[in-house]
Amino acid sequence: MKTIPIYDAIQGKTVDNISISDVIEQKEKSPATFACALRVLRQNWRQGTVACKTRGEVSFSNKKPWKQKGTGRARVSSLRSPLWRKGGIIFGPQARVRRLDMNVKQRRVVLNNLFFSMLKNDAIRCLDVAQMQKPSTKIARNVLNVNALQDKKVVIFLPFHDEVSAATFRNMPNINILLFDEPNAYDLSNSDYWVFLKKDVELFKEMIARWN
């Protein structure tokens, strides 16, 4: 039976366990699919807004600087020539968007594999934190220190409406906040621990159930 321990956020001790064996089953690992998922994410996150001006776009006169023959100088067609300072750019980057796609089944396999990899390494923590009335970075720092997470890269899952918890943890440099409806292979793999709060257990189970 697969379980996730629940830690007391103040004492850092295990107080209970969450069973997830009835929520999700492990799927066959596929390194190639994982590599493809990262490539798709990173490519689709690119803005594609970088651009350079060509010789047809720079704001210079298109008049020939001097006549073609008889001056002893190299022939020049225009001040916009890419060979001249402030001229146009040859084969420079242009604004474009290249979008890659990945089917839902492959995406679920990747997230499923990441989950069981973290579970195997005991890198998933459920923290029992008392309900906070207002944001407090001090509480967040104490919680991380008690649970030995202060120097680790941590992804914390929060619901969209939990603004107090989000404001509490967002100032910590090693914390990456993800909503339960926006997990992705890049952020999940680029972390040492996954953390969610005890009050959000059902939301966590619903999230990983979608990876089945």
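The values are calculated or read from the model by the stated rules, or taken from the named source; none is laboratory data. From a predicted model like this one, the values you see are computed outputs, not experimental measurements. Please note: Cβ atoms are built from the backbone with ideal geometry, for glycine as well, and neighbour counts cover all protein chains shown.
Restricting to segment 1-21, and then to whatever is assigned to a strand (DSSP E or B) and of a type in the set (A, V, I, L, M), can you tell me which residue is surrounded by the most Cβ atoms within 10 Å (Cβ to Cβ)? Show your work before the answer.
Taking segment 1-21 and keeping what is assigned to a strand (DSSP E or B), we get 3-8, 14-19.
Checking the rest, the ones that are also of a type in the set (A, V, I, L, M) come to 4, 6, 15, 18.
Working: I4: 22, I6: 19, V15: 13, I18: 17.
By that ranking, first place goes to I4.
Go through segment 59-103 and give me each residue that's more than 30 Å from F34 (Cα to Cα) and among the small types (G, A, S).
S59, S61, G70, G72, A74, S77, S78, S81, G87, G88, G92
Quick check on segment 93-112: of everything there that is assigned to a loop (DSSP other than H, G, I, E, B) and of a type in the set (D, E, K, R), which residue is surrounded by the fewest Cβ atoms within 10 Å (Cβ to Cβ)?
Restricting attention to segment 93-112, the residues satisfying the condition of being assigned to a loop (DSSP other than H, G, I, E, B) are 93-103.
Keeping just the survivors that are of a type in the set (D, E, K, R) gives 96, 98-99, 101.
Details: R96: 10, R98: 8, R99: 9, D101: 6.
So, considering only residues that are assigned to a loop (DSSP other than H, G, I, E, B) and of a type in the set (D, E, K, R), the one surrounded by the fewest Cβ atoms within 10 Å (Cβ to Cβ) is D101.
Please pick out the residue among A32, A37 that is loosely packed, with under 11 Cβ neighbours inside 10 Å, assigned by TED's automatic domain parsing to the domain that holds L149 and outside any loop (DSSP other than H, G, I, E, B). Step through it out loud before you land on a result.
On the way: A37 fails: loosely packed, with under 11 Cβ neighbours inside 10 Å.
Being loosely packed, with under 11 Cβ neighbours inside 10 Å, assigned by TED's automatic domain parsing to the domain that holds L149 and outside any loop (DSSP other than H, G, I, E, B) holds for just one of A32, A37, which is A32.
Output the qualifying pairs, or none if there are none: Cβ atoms under 8 angstrom, residues six or more apart or on different chains, first residue in segment 49-71 and more than 30 Å from R99 (Cβ to Cβ), second residue surrounded by 13 or more Cβ atoms within 10 Å (Cβ to Cβ) and of a type in the set (A, V, I, L, M).
Listed by first residue and then by second, the contacts come to F60/L79; S61/L79; N62/L79; K63/L79; K64/V76; P65/V76; P65/L79; W66/V76.
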